[in-house]
Amino acid sequence: MKPLEGLLVLEFCQYMAGPSAGLRLADLGARVIKIERPIVGEGSRQLAIKNLFVDESSLVFHTINRNKESFAANLKDPEDLKSIKTLLKVADIMTHNFRPGVMEKIGLDYQTVSAINPKLVYGVVSGYGNTGPWAKKPGQDLLVQSLSGLSYLSGSANDHPTPMGLAACDMLTGMHLTQGLLAALIRRGKTNKGGLVEVSLLESTLDFQFEVLTTHYNDGNKHPQRAKKGSAHAYLSAPYGIYKTKNGYISIAMTPLTTLVPLLNLELPEAYKSTESWFEKRDDIMDILRSIFITKDTEAWLTILEAKDVWCSNVYTYKDILEHEGYKVLGMDQLIKNSDGQVIRTTRCPIRIDDERYYNEKAAPKVGEDTDKIIKEFNL
């Protein structure tokens, strides 16, 4: 039995952040019903990566919405709204990511819904919170990466601001929403009352940077300083970073120079022997290390360094990692199937409980695919 079996979630969310929380709840056993516009459904059905589609919906929609049901409803239609409110009476969780004020106009705001079902946990995702100059600004991943300072942590010193190459803010916010919903459910078990859980893309992205923001608060508000080349962390000293080898790349992590340098048959100049210089002179030191790493294959360096417990790694492509035994033993991927019988390979839930991996075979539903079934089940 999965831990969240028996929980009913109504998901009004679109795109990435909110639906990724619903995905995780579904992975753990909750029944998640997406409430979607008739015919067109939610926005990410047409949001495609590399223009890849499965049936009439994008591959990315299937990635975020597997193992859910779809109930088509026009929230401006009084009869459909009545059906939704009937579902809310028996739901455990409701989530949405409409801009501030939208749910109030529809009549599904927290105050109204909590009066319908006082035990319901109500989750809201926003871009920037409910107030302030950005409250009605589109909550989109790249915009949040840009506003939050995150884009000055990746890349090298002379690069333009460099965003992360995936929807990091969305996924982080989805995780925080999941944590908040589960915390509110635990509290409900003690008080028999639901509650309001609110997260925003901006707050989650700022929290993601708590380590470096705390440094910024306390170092005189200095701008992040990325390394000239091979930078892996704007606030860490040499040798932390990625280096070109004779046939590829190697990453060096939390290793003091005093440990690394003898293994490279290298003598550092006196100016670089103090630990303070390892950050202040990081670029010069990394240049010296680059001139050494380029002389051998990655595998040769790994043999030398791993034997002395140096924290280091090959730098793999997707092809490399997916063909490696280290990936295969995880059982990290699964096959899911839509109602037309089309099969998609995707990842599984990364959480194991009591040594059990959680898989499912159900792809995302078509728009309104489960409407009739749900109407009959709940007598709507």
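The values are calculated or read from the model by the stated rules, or taken from the named source; none is laboratory data. Predicted model, so just to flag it, every value in this text is computed and none were measured. Cβ placement follows ideal geometry from the backbone for every residue including glycine, while neighbour counts extend to all protein chains displayed. Just the protein is used for accessible areas: all its heavy atoms, side chains included, with ligands, DNA and RNA removed. Shrake-Rupley method; radii C 1.70, N 1.55, O 1.52, S 1.80 Å.
In table form, for the structure just shown:
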| quantity | calculated |
| --- | --- |
| Inter-site label distance for residue 50 and residue 209 at 7 Å from Cα along Cβ, in nm | 3.0 nm |
| Mean separation of Cα contacts under 8 Å (6+ apart) over length of region 329-380, as relative contact order % | 30 percent |
| Region 75-225, relative contact order [Cα under 8 Å, separation at least 6], % | 26 percent |
| Separation in nanometres of the label points that stand 7 Å from Cα toward Cβ, at residue 89 and residue 275 | 6.6 nm |
| Fraction of accessible area attributable to carbon and sulfur, region 103-197 (%, probe 1.4 Å) | 58 percent |
| Distance-filtered residues of region 116-131 - backbone nitrogen under 16 Å, label point 7 angstrom along residue 183 Cα→Cβ | 121-126 |
| 11 Å reach of a label modelled at residue 379, 7 Å along Cα-to-Cβ, counting backbone N of region 1-42 | none |
| Convex hull per residue volume in Å³, alpha carbons only, for region 233-378 | 203 Å³ |
| Region 1-131: relative contact order in percent, alpha carbon pairs under 8 Å with at least 6 residues between | 27 percent |
| Kirkwood hydrodynamic radius of region 117-201, from inverse mean 1/r over distinct Cα pairs, in Å | 14.6 Å |
| Helix-only mean residue ellipticity at 222 nm for the chain, each DSSP H run of n ≥ 4 adding -39500 (n - 2.57), per residue, nearest 500 | -10500 deg cm²/dmol |
| Highest-MSF residue in the chain out of 18, 331, 195 [GNM, Cα springs under 10 Å] | 331 |
| Residue 258 accessible area, assembled protein chains, probe 1.4 Å, Å² | 90 Å² |
| Order by protection proxy (mean Cβ within 10 Å, highest first), peptides 337-349, 219-231, 23-35 | 23-35, 219-231, 337-349 |
| GNM flexibility winner over the chain from 208, 61, 71 (Cα, springs under 10 Å) | 208 |
| Nearest-0.05 FRET efficiency for residue 59 and residue 158, computed from C-beta distance (R0 30 Å) | 0.25 |
| Efficiency of FRET from Cβ geometry, residue 190 and residue 39, R₀ 41 Å, rounded to 0.05 | 0.45 |
| Rounded to the nearest 10 Å², the accessible area of residue 278 at probe 1.4 Å | 30 Å² |
| Sequence of 261, 90 from largest to smallest accessible area, 1.4 Å probe | 90, 261 |
| Residue of 16, 171, 332 that the Gaussian network model of the chain assigns the largest fluctuation, springs spanning Cα pairs under 10 Å | 332 |
| Pairwise label distance in nanometres, residue 327 with residue 244, each label 7 Å out on the Cα-Cβ vector | 2.5 nm |
| Local electrostatic count, residue 191, Cβ distance below 15 Å [Lys/Arg +1, Asp/Glu -1] | +4 |
| Filtered GluC sites (Glu not before Pro), region 280-324: DSSP coil and at most 16 other beta carbons within 10 Å | 323 |
